[in-house]
Structure formats: structure tokens, C-alpha cells
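Single-structure report; data block below.
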Amino acid sequence: MQTLYLHIGTHKTATTWLQHFLGRNIDLLNDYGFYYPTTGRVTQAQHRLGQAIFQRSAPAAPLDNVPIWKKLKRELSLTKHENIVMSSEEFEWVMHPKLIREYLPELRIHTIIYLRRQDDYLESLYGQQIRDFHPRLTKTIDRYIADTNLGFLDYRRLIERWESASDDLTIRIFDKKFLKNGDIGADFLSVLGIDSSAGFEAPTAAVIDHKASLSLEALEFVRHCNFLKLNAVSHDRLVDQVIKLDKIINASDGKDSRRLLPFDQRKDLIEKYEKGNRYIAQRYPSTGILPTLFLPVEDRKPTFIQSDEFNRFEVALKASRLVNILQ
């Protein structure tokens with residue numbers, strides 16, 4: 001029986017880096033007996049497979065008539081490898097994952113999930129949605145929290161959904177202190193049963209650079225630029241230029257240690273999900289030794305203050321110096 005190692009994220013746990021790592025090392029994975037399918041792959045991740053489930057008008061319907069899943073089943077039937085690896089954080093949004101098990105009953109499904117402390121995840125996801133053309137956020141983080149369903153931060157609900165679709169489930173904590181060798185690549189390989197990352201090459205790709213985090217001042221500048229409603233090409237060029245400038249500034253001044261959410265708000269957020277986090281830690285030893293699942297919020301770092309009071313002409317002038325937005 002083939003085993004499908006299905007990595008479902010979550011978002012903001014170095015998924016893009018890991019997917020390019022897998023894509024770059026396909027031949028070596030094959031040597032270890034693992035196959036990385038081509039069906040549904042977008043920028044080295046099988047994003048279209050997850051999207052094909054939850055973007056349907058009937059997301060709870062069986063997968064029998066979903067073309068891309070039929071194509072995947074054909075591809076898997078042709079490979080002689082006993083181990084299949086797929087990766088996409090888009091699976092995090094699948095509300096009925098048991099559909100996958102029902103459609104692929106001939107496979108043993110081993111789901112792999114990396115979890116990030118909720119306050120870190122929320123801040124990072126918010127920043128990514130400012131940098132990405134879709135949705136190109138202009139909201140402050142307070143408004144974002146007020147307007148957004150934060151149910152995705154309830155990891156217990158996520159785990160319980162995927163238990164119904166999994167023969168095995170491995171949960172790892174996305175924190176360098178708990179990853180093997182402090183490295184997501186080595187840690188993921190160890191979950192697959194590959195004890196050494198020797199010979200595996202780190203990925204290099206523009207899309208990875210585009211996912212790079214920004215200092216909060218740079219992120220705030222991009223948020224203000226989003227009010228200009230630049231087209232996709234100009235927006236992406238602007239973000240790329242800001243990332244490059246931010247790296248230069250950080251190299252000389254050091255990394256910005258401020259947070260978007262104040263200490264008390266971050267602590268309250270973790271307390272809200274503490275019961276579910278403790279349940280996961282107790283049920284899944286693969287998460288580590290902490291009974292609370294994550295390290296506690298103890299860092300009283302200063303808070304970055306966002307503002308919607310700014311001169312749009314000045315923002316447009318600065319943006320035009322980075323990219324020609326008048327074309």
C-alpha cells in the first residue's frame with residue numbers, strides 16, 4: 001500500500017521555502033523512495049488540489065468528478081514509488097478533508113502539520129496580506145482583527161478535522177528551538193524518516209524573496225501604498241524594491257524588534273486558545289515537551305503604532321521613485 005505524506009501547512013510556517021526545497025531535490029527524494037507529484041503544482045506546491053476542493057460551489061461533495069483529482073489518481077497509479085509527498089498550505093482551508101480519504105482509499109494518509117504560536121501567526125499572515133496583491137490590505141491590524149473570522153487560529157478544530165482523514169498525523173511546532181537542527185528542511189525530512197539532510201540543496205527563487213518579512217516601518221509604507229491601488233505588476237515591483245531596501249537598512253541598523261500587537265493583547269490571544277493548545281500537546285507527543293504547546297508570551301517588546309493619517313501625494317511620490325507608477 002502506498003503512503004501519502006500530506007503536508008498541509010499551516011500558513012506562515014516557511015511553507016514556500018519547504019515546497020521549493022522539495023521541488024529542488026526531487027531526484028534525491030526519488031532515491032530515498034519518495035515521489036513528488038506534478039499534478040496541481042503551482043510554484044512547486046500542489047495548491048490547485050486543495051483549491052479545487054474548497055473553491056467549489058459544493059465543497060462537501062465527493063471528489064469523483066473533480067478533473068484535477070482524477071488526474072492525480074492517474075498519476076499516482078503510474079508511479080512505482082511506495083511513498084508520495086504532497087505539500088500545500090491551501091489544504092488548511094479544506095473543511096471536509098475526509099473527502100480525500102474517501103477518494104483515495106487505496107492510500108495510507110499521513111498528514112503533517114506545522115503550528116505557529118497564534119499571535120505570531122496572526123501578525124505574520126496580516127503582513128503577508130499587505131504584501132500580496134490579493135488581498136492588498138489597507139486595514140490596520142486592529143481593523144483586520146475586528147473584520148476577520150479568526151477561527152483558523154483554533155488549532156484543535158483544525159486537528160480534529162484532519163484526524164478524520166488521516167491514518168497517521170504528525171504535528172510539529174514551527175519554532176527554531178524545536179525544529180531539528182533549527183531547520184524546517186531537516187525537520188520535515190526527519191518526519192519522512194530521512195535522518196540526514198546531507199546532499200539536499202537549499203532553494204533559491206524570486207518567490208521566496210517576495211515572501212520575505214519586512215520591518216514594520218517598511219510594511220506600513222507598503223500598506224499606505226496599497227491605497228494607491230497600483231496594478232499587479234507595479235505592486236509586485238514595489239514590494240520587491242521595498243524588500244531590497246529593507247534588507248540594506250536592517251543590515252546596518254539591526255532587525256526591528258517591535259510588534260504590531262501589544263503584549264497584553266498577544267497574551268489574551270494565547271489564553272483564548274490555551275485549552276485547545278494543551279489538548280493537542282497532550283494528544284500528540286510529536287509536538288514536543290511543552291504542556292502548553294508553545295512557549296509563553298513573555299517578551300514585552302515595544303508596540304509599533306499604525307496610522308491612517310498620511311499624505312497620499314507624498315506616498316505616491318516615494319512609490320514612484322521605486323517604480324514608475326505613472327506608466
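The values are calculated or read from the model by the stated rules, or taken from the named source; none is laboratory data. The model shown is predicted, which means the values in this text are computed figures rather than measured ones. Here the Cβ is made from the backbone with ideal geometry for all residues, glycine too, and neighbour counts use every protein chain on show.
Looking at region 66-80, is at least one residue closer than 24 Å to Gly151 by Cα, modelled with pLDDT of 95 or more, under 24 Å from the mean Cα position of the chain (by Cα) and of a type outside the set (A, V, I, L, M)?
No, every residue in region 66-80 fails to be closer than 24 Å to Gly151 by Cα, modelled with pLDDT of 95 or more, under 24 Å from the mean Cα position of the chain (by Cα) and of a type outside the set (A, V, I, L, M).
Pairs, please: C-beta under 7 Å, at least 6 apart or cross-chain, first residue in the same structural domain as His7 (by TED's automatic domain parsing) and in region 20-31, second assigned to a helix (DSSP H, G or I) and β-branched (Val, Ile, Thr)?
His20/Ile208
Just the residues that are touching a Gly at 6+ places or on another chain (Cβ under 7 Å) and under 23 Å from Tyr114 (Cβ atoms), please, taken from region 48-71.
Arg48, Leu49
Hey, does region 241-250 have a residue that's surrounded by fewer than 16 Cβ atoms within 10 Å (Cβ to Cβ), outside any helix (DSSP H, G or I), modelled with pLDDT under 95 and not small (Gly, Ala, Ser)? Walk me through it before giving the result.
Taking region 241-250 first, the residues surrounded by fewer than 16 Cβ atoms within 10 Å (Cβ to Cβ) are 241, 244-245, 247-250.
Subsequent filtering for residues that are outside any helix (DSSP H, G or I) retains none.
No - not one qualifying residue is present in region 241-250.
If a residue counts only when it is touching a helix residue (DSSP H, G or I) at 6+ places or on another chain (Cβ under 7 Å) and closer than 24 Å to Val191 by Cα, which helices (runs of 4 or more DSSP H) contained entirely in region 34-106 have at least 2 such residues? Explain how you work it out, then say what you get.
Details: elements: 47-54, 67-78, 98-103.
Counting at least 2 such residues, we get 47-54.
In region 259-289, what residues are in a loop (DSSP other than H, G, I, E, B) and modelled with pLDDT under 95?
Step one: of region 259-289, the residues in a loop (DSSP other than H, G, I, E, B) are 260-262, 273, 284, 288-289.
Gly288, Ile289, listed by residue number.
Consider Leu317 against the criteria (1) of a type outside the set (Asp, Glu); (2) surrounded by fewer than 17 Cβ atoms within 10 Å (Cβ to Cβ); (3) in contact (Cβ under 8 Å) with a residue 60 or more places away in the chain: it satisfies all of them except one. Which criterion is unmet?
(3)
Which pairs do you get when a residue that is touching a residue at least 40 places away in the same chain (Cβ under 8 Å), found in region 289-305, comes within reach of a residue that is surrounded by fewer than 15 Cβ atoms within 10 Å (Cβ to Cβ) and outside any loop (DSSP other than H, G, I, E, B), reach meaning Cβ atoms under 8 angstrom, with the pair 6+ apart or on two chains?
Phe304/Glu217
Can you say whether Leu230 is in contact (Cβ under 8 Å) with a residue 24 or more places away in the chain, out of contact with any Ser or Thr (no Cβ under 8 Å at 6 or more places or on another chain) and farther than 23 Å from Ala45 by Cα, as far as the supplied structure shows?
In short, yes.
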